[in-house]
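To keep things clear, I will list the structure first and then write my remarks on it.
The values are calculated or read from the model by the stated rules, or taken from the named source; none is laboratory data. Since the model is a prediction, treat every value here as computed from it, not as a measurement. When we count neighbours, we look across all protein chains shown, and the Cβ atoms used for this are built from the backbone with ideal geometry, even at glycine.
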Amino acid sequence: MKAGDGKGAVRGAAIAWWFAPAFFLAIAIFFSSQLLEMRSREGGDGEGGGARLSLKFEISRRPFLSFGFRNFLADLVWLEAVQVSGSRKMTPGDYDRLSIFLQTVINFDPRFKVPYLLGGLILGESWGHVPEAVRILEKGMENHPSDWRFPFYLGFTQYFSLGDPQEAGITMEAASRIPGSPPYLPLLASRMLVEGRNPETALALLSGMVSQETDPAREKVLRKRILDVTAERDIQMLERAVAEYRRRTESAPANLADLVREGFVRTIPPEPHGGRYLLSPDGTVRSSEMRDRLRVFRSR
């Protein structure tokens, strides 16, 4: 056999060595996408149901199956997560898929910070996915103990999504002890611990978060929450005025304009989302633009 033939054989073996893993990886990715899409159409069967059928998720749990393509796969799945989270009106199925994608990305690349932070915020918007948001942010704290943003956003989720100002205050206080954290964090932590479920406290927290945020996607989520909390603050003020109107006049106002006309409020504040505040027959006030009121501020 000629020397050239021997070199060619070695070169061919080397190509095959690299091609085979890439080939099987491509097959795994394709079938993973198909299974995940089928799962999203069928609906979940409990926590982690979709993840069990996701080949990408299973590969992420066993790094040796990625054949050295961990960062590439993390970027690929993150692009899918961004597409899902970019929907204007996410469905429960979208949140399920996002949770699976985020867990997969984090398994592939635990040093990638953005999925923890953005994913935790977005999952926290869905009442049924708050525990997953908390777990993702806690995992971020484990992998990035020197980054104050992880306990900071965990405190945000505990306050707004779980309605637990005490635990949120403790978490925020822990964030304030990490070098590089904003100087206003101890004040926010103390206000949470003392004042609890107060819209003004929430707005102070959100204003501080927006001033520090550099990521446009996370800033968008925070600014929307500012609008929601502002509406809740206005609604509470109007409902107190309605209750005072009833106490003094022994009758119910026909509409919110009666509160202004009789001097119970100076003016009806503008609805921050661009809608209107409406008075219900039972004396409660609602926004025409918000489907539900924020749970954290409801009485227990």
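Things to note:
- Subset of the stretch 78-126 (residues that are in a helix (DSSP H, G or I), more than 19 Å from Glu213 (Cα to Cα) and out of contact with any helix residue (DSSP H, G or I) (no Cβ under 7 Å at 6 or more places or on another chain)): Leu79, Gln83
- Considering the stretch 272-292, and only residues there that are touching a residue at least 24 places away in the same chain (Cβ under 8 Å) and among the small types (Gly, Ala, Ser), the residue that is nearest to Val229 (Cα to Cα) turns out to be Ser287.
- Residue within the stretch 235-253 that is in contact with a strand residue (DSSP E or B) (Cβ under 9 Å, 6 or more places away or on another chain) and β-branched (Val, Ile, Thr) present: yes
- Restricting the stretch 85-105 to residues that are among the hydrophobic types (A, V, I, L, M, F, W, C) and crowded, with 22+ Cβ neighbours inside 10 Å leaves a set whose member that is farthest from Glu142 (Cα to Cα) is Leu98.
- Candidates Arg240, Arg225, Arg266, Arg248, filtered to the one that is in contact with a helix residue (DSSP H, G or I) (Cβ under 8 Å, 6 or more places away or on another chain) and part of a helix (DSSP H, G or I): Arg225
- Here the condition is being surrounded by 14 or more Cβ atoms within 10 Å (Cβ to Cβ), outside the structural domain of Leu187 (by TED's automatic domain parsing) and either under 26 Å from Lys89 (Cβ atoms) or not hydroxyl-bearing (Ser, Thr, Tyr) (or both); of Asp258, Asp282, it holds for Asp258 alone.
- Residue check for Arg233: within 27 Å of the chain's Cα centre (by Cα), without any contact (Cβ under 8 Å) to a residue 40 or more places away in the chain and either outside the structural domain of Pro165 (by TED's automatic domain parsing) or assigned to a helix (DSSP H, G or I) (or both): yes
- Count of the stretch 134-148 residues which are touching a helix residue (DSSP H, G or I) at 6+ places or on another chain (Cβ under 7 Å), closer than 17 Å to Phe112 by Cβ and assigned to a helix (DSSP H, G or I): 6
- Residue in the stretch 171-186 that is among the small types (Gly, Ala, Ser), over 23 Å from Asp96 (Cβ atoms), buried (at least 23 other Cβ atoms within 10 Å of the Cβ) and in contact with a Leu (Cβ under 7 Å, 6 or more places away or on another chain) present: yes
- Taking residues in the stretch 84-101 that are farther than 17 Å from Val134 by Cβ and of a type outside the set (Phe, Trp, Tyr), and partners anywhere that are in a loop (DSSP other than H, G, I, E, B) and at pLDDT below 85, the pairs with Cβ atoms closer than 6 Å and at least 6 places apart or on different chains are Asp94/Ser87.
- Residue ranges of helices (runs of 4 or more DSSP H) in the stretch 149-205 with at least 3 members modelled with pLDDT of 85 or more and of a type outside the set (S, T, N, Q): 149-160, 165-176
- Residue within the stretch 138-153 that is within 24 Å of Asn107 (Cα to Cα) and polar (S, T, N, Q) present: yes
- Being within 29 Å of Val82 (Cα to Cα), of a type in the set (A, V, I, L, M, F, W, C) and within 16 Å of the chain's Cα centre (by Cα) holds for only one residue in Ala175, Ala202, Ala168, and it is Ala168.
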